[in-house]
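The values are calculated or read from the model by the stated rules, or taken from the named source; none is laboratory data. Just so it is clear, the model here is predicted, and its values are computed rather than measured. Positions of Cβ are generated from backbone atoms using ideal geometry, with glycine treated the same way; all protein chains shown enter the neighbour counts.
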Protein chains: 2
Amino acid sequence: MATDTAMSPKITVELLRQLRQVMRNSKYITEPIQAYIIPSGDAHQSEYIAPCDCRREFICGFNGSAGTAIVTEQHAALWTDGRYFLQASQQMDNNWTLMKMGLKETPSQEDWLISVLPENSKVGVDPWIIAADQWKSMSKALRSAGHSLVAVQDNLIDAIWEDRPHRPSTKLITLGLKYTGLTWQDKILALRGKMAERKIFWFVVTALDEIAWLFNLRGSDIEYNPVFFAYAIIGMSSIKLFVDSKRLLDPAVREHLELDRPSKPELTIQCFPYESVYTELQAVCAALAPKEKMWICDKASCALTQVIPKAHRSAIPYTPLCLAKAVKNPTEIQGMKMAHIKDAVALCELFAWLEKEIYKGTVTEISVADKAEELRSQQKDFVGLSFPTISSVGPNGAIIHYRPLPETNRTLSLNEVYLIDSGAQYIDGTTDVTRTVHFGTPSDYEKECFTYVLKGHIAVSAAVFPNGTKGHLLDSFARAALWDSGLDYLHGTGHGVGCFLNVHEGPCGISYKTFADEPLEAGMIVSDEPGHYEDGSFGIRIENVVLVVPAKTKYNYRNRGSLTFEPLTLVPIQLKMINTDLLTQKERVWVNDYHRKCLEIVGVELERQGRKDGLDWLIRETQPIV
Amino acid sequence: MATDTAMSPKITVELLRQLRQVMRNSKYITEPIQAYIIPSGDAHQSEYIAPCDCRREFICGFNGSAGTAIVTEQHAALWTDGRYFLQASQQMDNNWTLMKMGLKETPSQEDWLISVLPENSKVGVDPWIIAADQWKSMSKALRSAGHSLVAVQDNLIDAIWEDRPHRPSTKLITLGLKYTGLTWQDKILALRGKMAERKIFWFVVTALDEIAWLFNLRGSDIEYNPVFFAYAIIGMSSIKLFVDSKRLLDPAVREHLELDRPSKPELTIQCFPYESVYTELQAVCAALAPKEKMWICDKASCALTQVIPKAHRSAIPYTPLCLAKAVKNPTEIQGMKMAHIKDAVALCELFAWLEKEIYKGTVTEISVADKAEELRSQQKDFVGLSFPTISSVGPNGAIIHYRPLPETNRTLSLNEVYLIDSGAQYIDGTTDVTRTVHFGTPSDYEKECFTYVLKGHIAVSAAVFPNGTKGHLLDSFARAALWDSGLDYLHGTGHGVGCFLNVHEGPCGISYKTFADEPLEAGMIVSDEPGHYEDGSFGIRIENVVLVVPAKTKYNYRNRGSLTFEPLTLVPIQLKMINTDLLTQKERVWVNDYHRKCLEIVGVELERQGRKDGLDWLIRETQPIV
C-alpha cells in the first residue's frame, strides 16, 4: 500500500565526523586540508555512475545525477540544479546546506569557499574525479583568494566507506554492422582522418560511451548506460585499449576485436589492464617528438590530463568521437525508429492496462513502473531501462527527477495528475519518453498549464531553423507560452540521446544555459521536453525524442538550407489534458498529424503483435481534435 | 543627381609596401615581425573612433565600425561581420582578402595566421589598441603553434601615415541633476559601495562613456558619441582624472567638478594630463598593500592592464559603471521619452515632406539624410546625430551599415524600397530608429519579407519573460517567422542604448551570439531591430528603441516577476508594406495599439509645434488595420 511519508534524510553526523578526521590525518594527506570537494562523477566524468563511485551520495544522502558536495571543518554544502532542489532537500539531513544552482542569491562553490575558509586554506579533491577544466577554474579562483587546491591521491570518502562495492566488470556485447552501420575499423580510420586534419598524433579517449561507440561494444558496468570501464589511446598507427583483462577471455570479443588475427598492423589493438592507463600514457608521452600533439577532452580527469605535458596537450571541449557519435548514420536512425515503435507498443499497452486497473485503487507509482518495465521487456532486443523510471503522482510529479521509493510511493487515483518519464535500451536504440495524464477530470489550471507546456513542445518540434543553428537558440520557443502567463520550468528543454548508449549525451542540446554546444545537424537526435511544476501539487512534462531532419522552406537564404525535427517517439498526448481553446490552428493540425502518425505506425505493430488492448487504446487516444 | 556607381576601393599597393618595410625596420622594432595586426579600436576600445585612430581604415579603406586587418609579408586580410560584407568588399582593393566572420568556412584570425606564417614567426600589435582579453587568447593560440605575439610600442600605421590628424580636445558640457538624476558625487559613492562589497580598493576606468556618465560630463571628441578622451582611477578615498589640461580652464567645468573648492576630501578630484595615466597607474600600483585588488575591464588595453601586477589585478568582463549606466534612473527614462517624442516629430515631418518631394525625382539618399538632420536640429536640446544616417534606396539597403556617399547616392523613386536608419543626440536622450517604406506599390515578395520582419519585431517587443532572463534568449523570437520561410538576417537583434551617450552600449543586448551578457532589468533600454536583406535588391529593417518594464502576468512562478518591453520610438510603421493576411490577430492588435500610441503622444507635440504637415501624415499613417 502506498504511504504519503516523504523520503527520509540520511543521517550524516558520524560520517562527517569521520571525514573531518581523515581531512587532518597524515596517513592520507601530507598536510591537513580545510575543505574537501566530493564531485559527483567517476574517473570518466560519467553522469550515471557505478555503485562504487557513488561517493557524493554516500556522504550526503542525495542520489540525484548531478551535484557536488563540499565539506569544511564547520560546514557541509551541496550544489545541485533546479531538477533536484526538492529531492535534495528531502534526502539530506540538517548538517547539510542545499545550494540551489541557477538562483541569483546562490554563491558559486568558489565564492562560498572563499567566504567560509580561514586564510591560506588548503582545499582537497581527488584528481581522478575532478575534470581538468573544473580543476583549472577552481584552482585559479582559490589561488586568487590566497588559498590552494590540492590533489589528494587517496580518496577520503573511500577511506571512511567500509563496505564500498567493487568496480564491476560485466560481460561485453559485440555489435555487428546490422546495428552500427560502421565497423570499428572504419570508425578508427575516420577518427585518424580527423586527427590528421588537425595535425594531432594521439587521442586519449576517456568517456565510456565514446569507447563503447568506437569499438562497437557494450557492457553493463553502469546501470542504465550500456558502457564498460575502459580507456583508449588512439595513435596514427596504434590502438591501445585498457580494460579488465578477464573481459578479453570471451571468444566473441576476441573475434570482434580481431585480437588473435589482426587484419592490418595499424588496426591491431594492444590490450592493457584498466589500471595501467596512467603509466602507459606516461610512456607514450615520454616518446613524443617535440611537435606531436595529443587530444584529450577538457572534461577528462585532472589526474590523466596532467600526465600529458602542456606543450603536447590539446584539450578540447568536445572530442571528434563525441561529434561523430551524435550524428547518427542511416543504420542507427533506422534502429532508433524501430526501438521507438517497440517502446510505443509497450506504452500503449501500459496505458490501456492502467485505465482498467486504476479503478481497483491498488496501482502505485512503483507498480506502474514495474508494469512498464515488464511490457518493455517483452519487446524484441530489450536490454534494460535507459534510466530509473520517474513514475509520479500529484505532488511527487513536482520533484523533477523523482524516483518512487517504498516510503514515498503514492497510489494513482482519479483525482491527481500522473507523470511517467521512462525509457529503455534496446539493442537497436535508446528511448526516453514522458507523458502526463489524468484518469479523472483535470482541473482548469492543470489543463491550462499542460496546454502551455504542449504549445512549447510543439514550438520546438515544429521549429524551422537554418543549418548551423545551435540548440540553445531554440530553448525560448519552448518557454514562450509559459512565460506569457508568468510560468516557467527550471531545467533545460532537451538533451542528446545515444543509440543503444547513454540517454544523455553531448555535444548538442536545447537549453537556456549558455554552453558551447555544437550546431544541430541532420541526423542528430535530441529530446524535446518542456514542463511545468507546482511544488506540493503536480508536475507536467511532455517529452518526445526527435530527429533533426532537413526542412523544405519556401525560400533558401544564402543557400544555407534549413532543418526541423521529426518525432521518433510515437505515443499519444492525452487530449483530455488539453484546453484546445488555447491552441492555434497550426498547433491543432500538429497534434492531429502527430496522432495520425502514431496510429498508422504503432497501430500496425500493435496489430502484428496481437495486442488488442493497446490497439483499442491507441485508436481511441488518437481521435482528431476538431 | 544620383549615380549607380559602386563605392570605389582604396588603392593600397604603396601603403602595404611601406607597412611591410617598417615591419622589418629596426627603427620601430627590435626584430622583424612577420605579421602586424591592426585592430579597429582606440586605446579605450571605443566602437566609434576619432579620425586620428582610424588606422584600420587608413590601411585597407574599409570604414565600417567593426573589423580587424592583418598584414603579413605575403597577405593582407580583413575580418568583419555580416553587417559589412558588401561594404568591405566594395571599399577594399584586391590586395585584401575579406574574411567573412560568422560563416563556417571562414578561419579565425589565429587559425589563418597559423596557416600562412612561416615557423617561429613574430606577430606584432600595438598594445594600446588591443584589448587585454584579445591579447591573451591571440597570444595563447600563436604560442601553441610555435609563434609569438609581440607588443610593438610605436604604432606602425602612424609611422607611415603622413598627415595623421591630431587627437581632439573639444569643449566639455556639464550636465545637471535635471538630466542625470544623480550627481557625480553620488555616483562615486555608489561605485565605492560596489567596490567595498567585493573588497576592491581601486578601479581603473578606461571606457570613455563610463567616464562621461560617471562625471556627468559630455564632449564631442568622437563624432556621434558625446564623449571625451580621458581615463579615471577611482580609489576608496581618491579620484584621479586624466584629461587634456586645457579642458579644465573652463570655469563651468571647474565649478561642476568642484576643482577649486571640493566639498569633502574623499570627493576631491585630482587632475592629470591624459598621457600620464601610465606612469600614475604605475605609482598607484607601487604603493598597493599585498591584498589590495584593482578592477579593470578585461576589454581595456593590454598596455594599461599589464601595468597592474597580476596579484593585484581583477579583470572583469563588465564594470560596475557599465551596469549602473545601463539601468536608467527615472530622470534618464523621462529624458529618453522626451527625446524620442521630439525625434518622432522630426521623422513625421520628414516623411510628410518626402511624400510630396518624391514626385520631383530629385530626392536622393543624401538629401533625405540632410533633411532629416535639419528637421532634428530644429528640436529642442538637439546636439547632433547619434550615428551616420543610413539612407538607402533599393540595393543599397542590403548593405547593412550603408552610408550614402556622392558616388553611391541613389535617387528615391516610386519603384524601390527605401530604408532609413537614423538617430540623434539630444541633451535629454539618444535616439535610434529604422523605418522601411515604399512610395509606390511594393512587390508581393517585398511585402512578405517586410511582414516577417514585422512579426519578429513584434515577437520581441511583446515578449514576456522572467526576471533574470538574458537578452540572447529572446533573439530567436525575432527570427522565427523568417526562419519558417527559409529567411534570416546576419546581425544581432538589439543593442543597449545610452542616455545622451553612445548609441551602442553594453552590457545587455539581444543576439544569437553567445556572449556573457547581463540579464535584462527594468530600466534597461535596448533596440529591437530585425531585418532581411537581399543582396543587389533591397533591405528591410524595423527598429524601435524599447524600455524594459515590469510585466503583469496571470501567474507569478516562484515570485520571480516578469518583464516586457515598452517602445520609446513612436514613429508609424508603413501599413502599405504589410501583408496583413500573414499577421495573427494578436499582431494586428499590437500594430493598432502602437499606432494609437504614436498618434496620441506625438500628435500632441506636432500640434504644439504647429507642424501641420507632419500631423496630417501621422493621422493618415496611424489608421487602424481592420
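Return the pairs, sorted by first residue and then second, in which the second residue is among the aromatic types (F, W, Y), the first residue lies in region A:83-101 and is assigned to a helix (DSSP H, G or I), the beta carbons are less than 6 Å apart, and the residues are 6+ apart or on different chains.
Within 6 Å, the pairs are A:A88/A:F62; A:Q91/A:F62.
Go through (1) more than 22 Å from A:P265 (Cβ to Cβ); (2) crowded, with 21+ Cβ neighbours inside 10 Å and name the single condition A:W161 misses.
(2)
Assuming B:F477 fulfils every condition listed in (1) in a strand (DSSP E or B); (2) modelled with pLDDT of 95 or more apart from one, which condition is it?
The failed condition is (1).
Taking B:W617 as the residue in question, decide whether it is within 23 Å of B:D484 (Cα to Cα) and modelled with pLDDT of 95 or more.
Considered against the rule, which asks whether it is within 23 Å of B:D484 (Cα to Cα) and modelled with pLDDT of 95 or more, B:W617 comes out as no.
Each row is one residue, and each column tells you yes or no for (1) within 30 Å of B:L86 (Cβ to Cβ); (2) within 26 Å of the chain's Cα centre (by Cα); (3) among the aliphatic types (A, V, I, L, M).
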residue	(1), (2), (3)
A:F538	no, yes, no
A:P567	no, yes, no
A:L575	no, no, yes
A:E605	no, no, no
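Go through region A:230-274 and report how many residues are charged (D, E, K, R) and under 17 Å from A:W202 (Cβ atoms).
2
Note down all Cβ pairs under 7 Å where the first residue falls in region B:180-206 and is under 23 Å from B:H44 (Cβ atoms), the second is of a type in the set (G, A, S) and assigned to a helix (DSSP H, G or I), and they're at least six residues apart or on different chains.
B:A190/B:A324
Quick check, is A:D126 away from chain B (no Cβ under 14 Å) and out of contact with any Lys or Arg (no Cβ under 6 Å at 6 or more places or on another chain)?
Taking the combined requirement at face value, the residue satisfies it.
Looking at (1) more than 30 Å from B:R558 (Cβ to Cβ); (2) modelled with pLDDT of 95 or more, which one does A:A311 not meet, given that it meets all the others?
(2)
I'm told B:G496 meets every condition in (1) within 20 Å of A:S511 (Cβ to Cβ); (2) of a type outside the set (S, T, N, Q); (3) modelled with pLDDT of 95 or more except one. Can you identify the failing condition by its number?
The one condition B:G496 does not meet is (1).
Taking the conditions exactly as written (part of a strand (DSSP E or B), surrounded by 15 or more Cβ atoms within 10 Å (Cβ to Cβ) and touching a residue at least 40 places away in the same chain (Cβ under 8 Å)), does B:L547 satisfy them or not?
Criteria met by B:L547.
Can you name the residue in region B:527-544 that is among the charged types (D, E, K, R) and in a loop (DSSP other than H, G, I, E, B) and, of all such residues, is nearest to the other protein chains (Cβ to nearest Cβ)?
B:D535
Going residue by residue through region A:571-580, is there one that turns out to be surrounded by fewer than 23 Cβ atoms within 10 Å (Cβ to Cβ) and either without any contact (Cβ under 8 Å) to a residue 24 or more places away in the chain or within 14 Å of chain B (Cβ to nearest Cβ) (or both)?
yes
Identify all residues within region A:476-516 that are of a type in the set (D, E) and within 7 Å of chain B (Cβ to nearest Cβ); write none if there are none.
The answer is A:D484, A:D488.
Please name all residue pairs, on different chains or six or more residues apart, with Cβ atoms under 9 Å, provided the first residue is in region A:109-121 and is touching a residue at least 60 places away in the same chain (Cβ under 8 Å) and the second residue is surrounded by fewer than 19 Cβ atoms within 10 Å (Cβ to Cβ) and part of a helix (DSSP H, G or I).
Filtered contacts from region A:109-121: A:Q109/A:A141; A:L113/A:A141.
Within region A:517-526, restricting attention to residues that are more than 12 Å from chain B (Cβ to nearest Cβ) and not β-branched (V, I, T), which residue is surrounded by the most Cβ atoms within 10 Å (Cβ to Cβ)?
So, considering only residues that are more than 12 Å from chain B (Cβ to nearest Cβ) and not β-branched (V, I, T), the one surrounded by the most Cβ atoms within 10 Å (Cβ to Cβ) is A:L520.
Somewhere in region B:453-466, is a residue more than 9 Å from every other protein chain (Cβ to nearest Cβ), in contact with a Gly (Cβ under 9 Å, 6 or more places away or on another chain) and over 24 Å from B:Q574 (Cβ atoms)?
Within region B:453-466, not a single residue is more than 9 Å from every other protein chain (Cβ to nearest Cβ), in contact with a Gly (Cβ under 9 Å, 6 or more places away or on another chain) and over 24 Å from B:Q574 (Cβ atoms).
Please determine whether any residue of region B:61-82 is aliphatic (A, V, I, L, M) and without any contact (Cβ under 8 Å) to a residue 24 or more places away in the chain.
Yes: one or more hits.
For residues that are under 27 Å from the mean Cα position of the chain (by Cα) and modelled with pLDDT under 95, tally how many sit in region A:136-165.
Qualifying residue count for the region: 2.
Filter region A:290-319 for residues that are among the hydrophobic types (A, V, I, L, M, F, W, C), under 14 Å from A:I233 (Cα atoms) and touching a Cys at 6+ places or on another chain (Cβ under 9 Å) and give the result.
A:M294, A:C297, A:V307, A:I308
Identify all residues within region B:213-247 that are closer than 20 Å to B:L281 by Cα and of a type in the set (G, A, S); write none if there are none.
Residues satisfying the conditions are B:A230, B:A232, B:G235, B:S237, B:S238, B:S245.
What do you reckon, is B:S139 part of a helix (DSSP H, G or I), free of Cβ contacts under 8 Å to residues at least 12 places away in the same chain and touching a strand residue (DSSP E or B) at 6+ places or on another chain (Cβ under 8 Å)?
It is true that B:S139 is part of a helix (DSSP H, G or I), free of Cβ contacts under 8 Å to residues at least 12 places away in the same chain and touching a strand residue (DSSP E or B) at 6+ places or on another chain (Cβ under 8 Å).
Among the numbered criteria (1) touching a Lys or Arg at 6+ places or on another chain (Cβ under 9 Å); (2) surrounded by fewer than 18 Cβ atoms within 10 Å (Cβ to Cβ); (3) free of Cβ contacts under 8 Å to residues at least 12 places away in the same chain, which one does B:P32 miss?
Result: B:P32 fails condition (3) only.
Pick from A:P466, A:P442: which is surrounded by 20 or more Cβ atoms within 10 Å (Cβ to Cβ), of a type outside the set (A, V, I, L, M) and touching an Asp or Glu at 6+ places or on another chain (Cβ under 9 Å)?
Residue meeting the stated conditions: A:P466.
Considering only residues that are in contact with a Cys (Cβ under 9 Å, 6 or more places away or on another chain), crowded, with 23+ Cβ neighbours inside 10 Å and not in a strand (DSSP E or B), which ones fall in region A:480-508?
Within region A:480-508, A:L482, A:L487 meet the criteria.
Take the residues of region A:550-570 that are part of a loop (DSSP other than H, G, I, E, B) and without any contact (Cβ under 8 Å) to a residue 12 or more places away in the chain: which is farthest from the other protein chains (Cβ to nearest Cβ)?
Ranking the qualifying residues of region A:550-570, first place goes to A:K552.
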